[in-house]
Amino acid sequence: MKIINVVGTRPNFMKIAHIIREINKSDKIEHILINNGQHYDTKMSQNFFDELEIPQPDVHLEVGSHSHTKQTAKIMIAFEKVCDDFKPDYVLVVGDVNSTMASSIVAAKKNIGLIHVEAGNRSNDRKMPEEINRIISDHLSDFLFVPSEEAKKNLVNEGIDEVKIHNVGDVMFDATKIFSDLSEKRSKIISELKISPKQYILSTIHMEERFPMGYFLP
C-alpha cells in the first residue's frame, strides 16, 4: 500500500511525527512525505523536522504565504502533479489548515482514497477558515479518524456514514506524551529567558476568531 502523507504547517508536523513512527512499524506500507510549505520559516518548519526527528520530505512544494484562495489554488496545482508522479493508493491529511483542504480536494477529484486524521472537530463558527477546511475535508474522506466520541457524533449528525468513522484517540495528546520528555531534556528556553519554573504563564494565540480580547481575563 502506498500512502502520501501531507503536511503544511506547524500543527501538522507535531501530528505527522507520531503517525510516521506508527506507519514505520509496518512493512506493508510505503509512505511518501509531502510538505506543501504553507509554513516555511525555519522556526515554524525545519526546526520541527529536526527536533521531532521527522524524515525530510520526499517533495517540498514551497507554496509559501498568500491569500487563502491563492494559497489553496497553488497547493492544488502542485499537489496534483505529485499524485500523478507517485500514484498513491491513499492520501493522508491531518488537521484543518489550507494544506489539508487543498490536498483533500485533489485526492477526491483524482479518485484517490482519502484519510483524514483528527476528523470531526467543530467550532460551529464558519467565520473561521479552519472550520471550512474541516467540513470539506471530512465530507470528502473515505476514512475519518476521530479523536473523540464528540467528534464522531458531529460527523454522524452531518450525515457521514458511520462505517467510515474510526475513533482512534487524540494524536496531539499522543504527541504530547511522546515529546514531553524530549522537551524537558533538550529545551534551554527557561534558562535563556531567565525565568523560574512554574512562575510564568505560556499562551499561544493565533486565531483571532476564536480568542476575543479579554478571553483569558477572570
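The values are calculated or read from the model by the stated rules, or taken from the named source; none is laboratory data. No experiment lies behind these values; they were computed from the predicted model shown. Note: ideal-geometry Cβ built from the backbone for every residue, glycine included; neighbour counts use all protein chains shown. Keep in mind that these areas ignore ligands, DNA and RNA; they rest on the heavy atoms of the full protein, side chains included. Shrake-Rupley method; radii C 1.70, N 1.55, O 1.52, S 1.80 Å.
Before moving on, here are some points about what is shown:
- Total residues in the range 1-35, condition modelled with pLDDT under 80 and part of a loop (DSSP other than H, G, I, E, B): 2
- For residue 65, the conditions (1) in contact with a strand residue (DSSP E or B) (Cβ under 7 Å, 6 or more places away or on another chain); (2) modelled with pLDDT under 90 all hold with the exception of (1).
- Here residue 120 meets the list (1) at pLDDT 95 or above; (2) more than 17 Å from the chain's Cα centre (by Cα); (3) more than 21 Å from residue 3 (Cα to Cα) almost entirely, failing just condition (2).
- Annotation: of all residues in the range 155-177 being open to solvent by 70 Å² or more (accessible area, probe 1.4 Å) and assigned to a helix (DSSP H, G or I), the one that is nearest to residue 121 (Cα to Cα) is 157.
- Identity of the residue in the range 178-208, in a helix (DSSP H, G or I) and among the polar types (S, T, N, Q), that ends up most open to solvent (accessible area, probe 1.4 Å): 191
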